[in-house]
Structure formats: structure tokens, C-alpha cells
Amino acid sequence: MISRIARSAYARAVAINVLSLAAASLNPADAAHAHRHARPAHHNASATRSNNGPVVAVLPGVLDANALAMPDQPFTLRSWDGTVETLRKRALIRSPSWSAIMIDNTLLQSACRDGLVQMLPAPSPAAPNTSPSPCGIPAGQNSIVLAWDQHRATAAPNWGDFWDVARHPGKRGLRLDPRSTLEIALLADGVPASGVYATLSTADGVDRAFRKLDQLRPYIVWWRTPEDAARIMDNGSALMTSTPADELAGAERKSGFAAQWHQSLRQNLSWAVPHNVPDADAHRVTGILREQNPHHDDAPDNTTPDSGSLTIDDGFWTNHLDDLESRFQTWFNAKP
């Protein structure tokens, strides 16, 4: 798969090294234990540096996909796992680890509300900020796709096949988070992409999504971070899994998994400045990001608007995340 951004890799900026949790367990305590004993992230060796530039952290898989890199880039490049737990830990310590981060817009909204990231200086009139949050600068999009093991399944499956363990026996990987997982459950249940959020906005629609998850529950291997999803593929722990698309694109991905782009979930991204970055550094990195305008897009060249992709609704999750996260945890912790 060759992404749009890869064709102009030397015209953009930013890359990655990965923090990780290892979650191939249904028990959150086991997942936390796995995180403490996880192997070093395979992205570390690929991190790129500049001598004096700010440290910018991006989401997993971007470096392996060679998606954001350029000669003489004005950044020291790192990565982070994209979780609110890591952001809270890094944003509230005395010495900042990162000058800026790439963050998905659903997390950006809550992080801005909770003061984990800063309100940014207003852009010039010539370059208006189109971010949905005063704490963000648009950074592009990434995708969650259905990946399947080509050694064990020859035809590309869809989300309906993902639930059909009778015809396609084996474990299934899903994100341990209501975001993307509830949307996928409704897509598998026959709701068209255009109707997913209208359905999720009703009590009956939420019940429908959880009933669908009930059907698959005994077969699910959960992942929390992109590297967890990569481990599921590396280890062959599941026949199919949802996964960030970038985790399939790296040179080290030898697992034999392939991506199904039909009904992929597209997530809007932004740049943000953590709470603990000093004002002078915050102004400097904000200026660089607005001048360089680095955008990530992991969609392949042949992805078209009629591919049935679903753009994750940041406004929906801003309004409903707390309630649905509580419902999801209650469901997860309940005995089957």
C-alpha cells in the first residue's frame, strides 16, 4: 500500500517511535501487566532527529510507513501511543517531553477541556485555523481498517464476515474503547455508514451495538494501542482484527495480514501543545507547524468516496464519550 503522503514524503515533516501496552487479554489487569513487561517498541530505531528543533510526537506507524519525513526537518521526532493516560502523565510533569503532539480529534476535545493541552495563539488571517478546537492545528487523517490473515483466509472479508465465526473460525481483534468499536458493531449489523451516528444517538441504537458485541464476545482479543494491534498480527493471535492502517504499512510488518479498505473508519487528527510546554516554546512550535503544514493521510491511492468509509464524528464523541465509555466499561466487566 502506498499512501498519498508517501509520494511527497520529502515535502513534509514528522515521524515516530512507539510507546506501548500489550493487550492480548480480556482482563485489564493482565493488559497492564503486559504493558510493564512489553518488549521495546520496534519503531525506536527509525526515529529521526534535528539538532536544535522542538520535539514532536506523532501517532504509531507513521515512521514505519515512511509517511512524514524530510531532509533538514525542523523537529526531533518521537512517537507516543495516543492514549489519554500517557498524555496526562506527560503533560503534568515539570519538564515537558514533547513540544507538540499529533492527536486524534476526539481526544483533543477532552484534553483541551481538561487543560492537558494549551489554547493556541490565533493564526494569521491569511491562514485561518480550521481545527474544531482552539487547542488544535489540523494534521490530516488516519484510518482503522479490517485486517485479515491471508495465510488463513484467501478472500477479503467485510465486517459481516468479521462476526461470522461459523464460516470463518478464529479469534477477532477489537479496540478496547467504545470509539470505533461501537461503529464497527453497527456496520457489521447492516447499518450503512451514513446511518451509524443517527443510530448511535438513540438508546435503541446503543443497545443494538452492544447486543452485536455480545455475539462476538467469546472470540475477541482486545487491543488498546496501535502496537497492541500490531502484536496481534505479528503473533497470529486472531484471524481478523481492526487496526490502524499504518501498522500494516511498515517495512517490519511481515505478518501476512492485509487491509480491507471498504468501510474503513477515518479519524481526523490535529497538532496540539501539551500543558507544560513554556510559552516561548509553544509559540515557536506552533509557528513551525503552521508554516510547514505537515499532514498525514494513510489512505491508498485507489480509495474513493464510494468505498463506504465512515469519518468518525468528533462532535458526537465530544457529547457522548463519557456516557458511552461508562456503558462500555460496565459491559466489559460484566460476566458473560
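The values are calculated or read from the model by the stated rules, or taken from the named source; none is laboratory data. Note that the coordinates shown come from a computational prediction; the quantities given were computed from them, not determined experimentally. All Cβ positions, glycine included, derive from the backbone under ideal geometry; neighbour counts span all protein chains shown. Surface accessibility is based on the protein's heavy atoms, side chains included, excluding ligands, DNA and RNA. Shrake-Rupley method; radii C 1.70, N 1.55, O 1.52, S 1.80 Å.
Quick notes
- Heavy-atom surface analysis with a 1.4 Å probe gives segment 197-336 a carbon and sulfur content of 46 percent of its accessible area.
- What the phi angles of segment 318-333 give under the Karplus curve with 6.51, -1.76 and 1.60, with θ = phi - 60°, is a coupling list of 4, 7, 10, 4, 4, 5, 6, 5, 4, 4, 5, 5, 4, 4, 4, 7 Hz, glycine and proline written as x.
- Solvent-accessible surface of segment 81-124, taken per residue with a 1.4 Å probe and all protein chains present: 46 Å².
- Distance (nanometres) between label positions extended 7 Å along Cα→Cβ at residue 202 and residue 293: 4.3
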